[in-house]
Amino acid sequence: MTDASPMPPTGLTGDLDPALLRSHGAQVLEWLATYLTPGPGGAERYPVLAQVSPGAIRAALPAAPPAHGESLDAILADVERLLIPGTTHWNHPGFFAYFAISSSVPGILGELLAAGLDTNQMLWRTAPAATELEEVTLDWLRQLVGLRTKWFGQIVDTASVAVMHALACAREAAGFEVRERGLAGRADVPVLRVYCSELTHSSVDKAMITLGLGRVNLVKIPVDAAFRVRVDAMRSAIAADRAAGMRPIAIVGTVGTTSTTSVDSIPALADLAAESGCWLHVDAAYGGSAAVVPELRYLLDGTDRADSLVINPHKWLFTPVDCTAFYVKDRALLKRAFSLVADYLVTPEQEIATNYMDYGVQLGRRNRALKLWMVLRAFGADGLAERIRAHCDLARDFAGMVHYAGDWELCAPVPLALVCFRFAPDGVDDATRDRWNLAIMARVNAEGRSYLSHTVLDGRVVLRLAVGNIRTERRHVEQCWASLRDAARAVAAAAE
Ligand code: PLP
């Protein structure tokens with residue numbers, strides 16, 4: 001153990017003096033307020049992508065814990081000195097990688113309050129306000145995205161965990177008592193199959209792994225020219241599987257795929273689910289948030305006919321990670337799939353109030369509704385819609401820049417705020433273009449003012465620029481475009 005301070009400034013019993021929360025809390029808030037201020041004094045003073053090598057931060061940290069308590073001054077100084085240099089700044093307005101998520105002032109305040117109150121929402125009585133706030137907040141979100149039917153909503157950490165719960169419901173609905181009897185060694189259970197597109201997020205594969213359904217039983221259907229699942233091909237696959245004695249149990253449709261933000265036809269998938277007796281899960285982890293914009297509400301057309309739905313406010317609704325809204329139609333089925341009340345958890349109000357522990361794997365749950373509620377209230381329906389509209393406009397502007405520049409091409413439609421594009425000069429073969437685009441991305445990311453990621457479409461490397469950060473302005477997009485063009489010139493020149 002290291003012995004950083006001979007006299008423990010923090011005492012040996014009880015909490016730290018709450019006065020320290022006041023003094024150091026003010027210091028932390030001041031630091032964050034500066035960090036979130038647009039311009040060179042804020043997050044923009046750091047490279048977006050951490051410019052460190054694997055292991056560097058670990059090597060800079062003491063290998064052993066302190067023998068005595070250390071002062072908050074020393075700890076906070078180390079955050080700035082040791083951890084910030086190893087931070088990739090998702091809150092930097094030049095963050096365009098993956099889905100460019102960001103937190104916001106009301107979201108941060110909600111997170112702070114939740115940590116201070118530290119309620120554990122396992123039962124209604126252990127957190128009545130948090131439980132009912134979650135019910136109300138998710139109903140608000142449902143209304144904001146234009147869903148009309150009644151859904152049961154809960155907040156889970158991620159869309160990955162949500163789809164695992166959704167497929168557990170589908171398995172339960174199939175009626176083989178898997179919850180009690182498991183799957184292994186049973187001759188009475190056919191192979192259970194799930195259908196999605198080849199562009200569906202890998203979290204569905206992980207759900208298959210976790211639930212013992214097996215990855216080979218996730219049938220990945222090809223997409224059309226606009227990267228939407230081919231429903232005709234899915235229909236044929238279901239029929240073929242059924243003829244072979246397998247049992248189709250679920251379909252996953254995506255509103256905003258990870259690679260291109262393409263939107264599967266949910267109405268057509270709802271028809272197919274009804275006709276084939278399958279559960280329909282709609283993964284609107286990214287695209288669902290955009291339905292707060294009235295003219296984008298069509299994105300969720302058909303979703304009222306689905307069985308479960310996921311929307312990630314931590315992706316595009318300015319709520320700090322983690323916060324996933326998970327909805328199911330049949331609340332009783334979800335409860336049947338997961339409820340297990342140990343003697344010590346029986347409460348008198350369990351039939352009349354929501355005990356969230358009954359609706360998923362987790363017993364203990366933190367209060368994630370508070371930050372979402374504060375975001376929804378602070379921005380309002382019009383403020384949320386306008387911010388998302390602005391992101392879509394910026395993405396369209398960027399797509400225009402790519403389209404009109406020689407040597408560059410757009411690689412997918414831009415329905416939301418993600419642009420897929422690449423440097424594709426004439427006379428250069430595809431393999432070279434792939435290498436060059438990766439090199440261009442590496443240069444831009446190393447420069448530190450923007451951060452981009454890539455994907456592969458039709459076997460070719462494609463760059464992705466996602467606008468989603470609440471502080472991104474046109475100048476950041478223009479800066480990124482200038483960096484990309486400089487990098488392309490340098491990469492092409494180096495190859496000559
Ligand atoms: N679904 C889609 C379409 C996604 O793009 C992602 C992540 O980017 C996920 C699901 C998984 O999200 P999470 O990180 O919340 O598990």
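For the reader, a short list of remarks on this structure follows.
- For the chain, the relative contact order comes to 20 percent (Cα pairs under 8 Å, sequence separation of at least 6).
- Ranked by how many other beta carbons lie within 10 Å on average, peptides 253-266, 108-121 from highest: 253-266, 108-121
- Absence of a disulfide-compatible partner, taken as no other cysteine beta carbon within less than 4.7 angstrom, is noted in the chain for 169, 196, 278, 323, 392, 480.
- Region 266-304: chymotrypsin sites (Phe, Trp or Tyr not before Pro) in DSSP loop, at most 10 other beta carbons within 10 Å: none
- For the chain, calculated [θ]222 nm from helices alone, where every DSSP H run of n ≥ 4 adds -39500 (n - 2.57): -13000 deg cm²/dmol
- Percent of Cα pairs in region 119-365 per distance bin of 5 Å, from zero to the largest separation: 1, 6, 14, 19, 19, 16, 12, 7, 4, 1, 0, 0.
- Debye equation applied to the C-alpha atoms of region 124-172, log10 I(q)/I(0) at 0.14 Å⁻¹: -0.46
- Region 197-256 and region 322-351: distance between their alpha carbon centers, rounded to Å: 28
- Semi-axis lengths, Å, region 256-408, gyration tensor of Cα atoms, sqrt of 5 times eigenvalues: 35, 21, 13
- Size of region 150-246 from its Cα atoms: along the principal axes, largest to smallest, the extents are 44, 38, 27 Å.
- The residues packed around residue 411, meaning those with a beta-carbon under 10 Å from its beta-carbon, carry a net charge of +1 if Lys and Arg are +1 and Asp and Glu are -1.
- Using R0 = 51 Å, the C-beta based FRET efficiency linking residue 51 and residue 188 works out to 0.35.
- Cβ-derived FRET efficiency at R0 22 Å, residue 30 paired with residue 377, nearest 0.05: 0.35
- Taking a sphere under 14 Å around the Cβ of residue 461 and counting the other residues whose Cβ falls inside, with K and R at +1 and D and E at -1, yields a net charge of 0.
- Its Cα gyration tensor gives the chain an equivalent ellipsoid, and the semi-axes of that ellipsoid, as √(5λ) in whole Å with the largest first, are 37, 35, 22.
- For the listed peptides 318-329, 188-199, 335-346, a ranking on the average number of other beta carbons within 10 Å per residue, highest first, reads 318-329, 188-199, 335-346.
- Dimensions (Å) - region 41-178, Cα atoms, principal axes, largest first: 53, 39, 36
- Using the Cα coordinates of region 408-496, the gyration tensor eigenvalues translate into equivalent-ellipsoid semi-axes of 21, 16, 10 Å, sorted from longest to shortest.
- For region 33-76 and region 103-126, distance of Cα centres in Å: 24
We did not get these values from a lab; they are worked out from the coordinates using the rules stated. Given the structure is predicted, the values throughout are model-derived calculations rather than measurements. As a convention, Cβ positions derive from the backbone with ideal geometry for all residues, glycine included, and neighbour counts pool all protein chains shown.
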